[in-house]
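The values are calculated or read from the model by the stated rules, or taken from the named source; none is laboratory data. Since the structure is predicted, the reported quantities are computational estimates derived from the model, not experimental observations. Cβ: placed from backbone, ideal geometry, glycine included. Neighbour counts: every protein chain shown. The area values use the complete protein model at the heavy-atom level, side chains included, leaving out ligands, DNA and RNA. Shrake-Rupley method; radii C 1.70, N 1.55, O 1.52, S 1.80 Å.
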Amino acid sequence: MACMPHLQWDVFCRVVDNFGDIGVCWRLAADLAARGERVQLWVDDARALVWMAPGGAAGVELHAWPEAEDETRPIGDVVIEAFGCELPPAVLVRIAEAPRQPVWINLEYLSAEGYVERSHRLRSPQMHGPARGMSKWFFYPGFTAATGGLLREPGLMAQHEAFDRAAWLAAQHVVPRPGEQLASLFCYRVPSAEALLGCLGQQPALLLVPGTAPPLPELPASVRVQPLPYLTQPDFDRLLWACDLNFVRGEDSLVRALWAGKPFVWQIYPQDDGVHDAKLQAFLERFAASADIRAAWHGWNDLQAPSAVGPDRASWQAQCLNWRQDLLNQTDLAGQLLSFVSESL
């Protein structure tokens, strides 16, 4: 079968809160471009890219959100509407008027819940508005072969294997003391000193905190804190590789913690209606997390009183490596999108 020619992708992203939306969209755009695709990333707030991706990426053009009705750039072969961001009317008109309808994809949020497998790749006919009569497709990232997979750049694991931990830490001016574990702390907030110390296992620790630190409770002398600047996405990955334990939050850093293969605690984005509880439980069920990992995660997410004793570190490490291997057996998100588009054109 002949190779599909490289295509033009238009990725649209609105930054709702924190850095997750733009973080995911930039990784996707850069991954597609590294595979030879041409990508235009349209975003309403690109400030975080100053530190996430200061050098940009070959093959990715960055554009401000197209508010003007006179925007005349031709629409690409593929349109990605990230996280239900709702395309501007002018873009919908360009989709409707394109000589060949682009493959229009609504890239959804990541979840381990059962509806993801049922909804992945479903068609969504447009009944109203400028694009009436057109169709877009739901595309769900996920953790099983029946979903769209996770972002994972080709060669990521080879980079992980070749990683020089000591050299990277020295470049960041991080000098652990003998017997001190390294833990990254990237969270919305620290629920309590008890929750933090329980996860750390009461061991001496150096907490590495990238970006703006949340307010920290009073900690014992055995726990030191070292702020780090906001890190580029590659350096954030290396921070997770360098640490013995990682506290991560949201969607993008969850996936990077999974690839790191180190013990980690996920702080899910809290929602007023409590749906984050169900999402967290779905993840823990999907990976058959042990009772002590569940207890640590529940305490960190304010779903139960924190435990004073964290998970056994050796079994926790083994479980995280098993999770990673399970996911490495699946096709990554960009690869699945490329396959889906080739089938649809």
Scan of region 260-279 for residues that are in a helix (DSSP H, G or I) and either free of Cβ contacts under 8 Å to residues at least 12 places away in the same chain or closer than 19 Å to Arg324 by Cβ (or both), ordered by number: Ala260, Val275
Pick from region 52-80, criterion touching a residue at least 60 places away in the same chain (Cβ under 8 Å), buried (at least 17 other Cβ atoms within 10 Å of the Cβ) and under 21 Å from the mean Cα position of the chain (by Cα), ranking: nearest to Asp237 (Cα to Cα): Met52
Residue tally, condition among the charged types (D, E, K, R), farther than 16 Å from Gly84 by Cα and either open to solvent by less than 30 Å² (accessible area, probe 1.4 Å) or in a loop (DSSP other than H, G, I, E, B) (or both), over region 108-119: 1
Complete set of residues in region 120-151 that are touching a Phe, Trp or Tyr at 6+ places or on another chain (Cβ under 7 Å), open to solvent by 20 Å² or more (accessible area, probe 1.4 Å) and within 24 Å of Leu258 (Cα to Cα): His120
Hits in region 28-51 (condition: touching a Lys or Arg at 6+ places or on another chain (Cβ under 9 Å), part of a loop (DSSP other than H, G, I, E, B) and open to solvent by less than 60 Å² (accessible area, probe 1.4 Å)): Asp45
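What residue, among those in region 10-27 that are in a strand (DSSP E or B) and in contact with a Pro (Cβ under 9 Å, 6 or more places away or on another chain), is surrounded by the most Cβ atoms within 10 Å (Cβ to Cβ)? I'd like the intermediate steps shown before the answer.
Quick first cut of region 10-27, residues in a strand (DSSP E or B) only: 10-13.
Keeping just the survivors that are in contact with a Pro (Cβ under 9 Å, 6 or more places away or on another chain) gives 10, 12.
Numbers: Asp10: 27, Phe12: 24.
Per the stated criteria, the residue is Asp10.
For residues in region 81-107 being in a loop (DSSP other than H, G, I, E, B) and open to solvent by 50 Å² or more (accessible area, probe 1.4 Å), which is nearest to Val16 (Cα to Cα)? Break it down into steps so the answer makes sense when it comes.
In the first step, residues of region 81-107 are kept if they are in a loop (DSSP other than H, G, I, E, B); the result is 83-88, 98-102.
Then drop every residue that is not open to solvent by 50 Å² or more (accessible area, probe 1.4 Å), which leaves 86, 99-101.
On the way: Glu86: 12, Pro99: 33, Arg100: 31, Gln101: 28 Å.
If we take residues in region 81-107 being in a loop (DSSP other than H, G, I, E, B) and open to solvent by 50 Å² or more (accessible area, probe 1.4 Å), then Glu86 is nearest to Val16 (Cα to Cα).
Conditions tested, residue by residue: (1) in contact with a Ser or Thr (Cβ under 6 Å, 6 or more places away or on another chain); (2) in a loop (DSSP other than H, G, I, E, B); (3) surrounded by fewer than 15 Cβ atoms within 10 Å (Cβ to Cβ); (4) of a type outside the set (Val, Ile, Thr).
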site	(1), (2), (3), (4)
Pro176	no, yes, no, yes
Ala195	no, no, no, yes
Val209	no, no, no, no
Ala213	no, yes, no, yes
Leu216	no, yes, no, yes
Pro220	no, yes, yes, yes
Asn246	yes, no, no, yes
Leu254	no, no, no, yes
Leu258	no, no, no, yes
Restricting region 281-297 to residues that are open to solvent by 60 Å² or more (accessible area, probe 1.4 Å) and assigned to a helix (DSSP H, G or I), the residue that is farthest from Leu110 (Cα to Cα): Ala291
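Being over 30 Å from Gly36 (Cβ atoms) and surrounded by fewer than 17 Cβ atoms within 10 Å (Cβ to Cβ): is that true of Ala167 here?
Working: over 30 Å from Gly36 (Cβ atoms): yes; surrounded by fewer than 17 Cβ atoms within 10 Å (Cβ to Cβ): yes.
So Ala167 passes the test.
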Test result for Tyr188, touching a residue at least 40 places away in the same chain (Cβ under 8 Å) and either over 30 Å from Ala96 (Cβ atoms) or under 25 Å from the mean Cα position of the chain (by Cα) (or both): yes
Region 311-345: number of residues that are among the aliphatic types (A, V, I, L, M), open to solvent by 50 Å² or more (accessible area, probe 1.4 Å), touching a residue at least 24 places away in the same chain (Cβ under 8 Å) and in a helix (DSSP H, G or I): 1
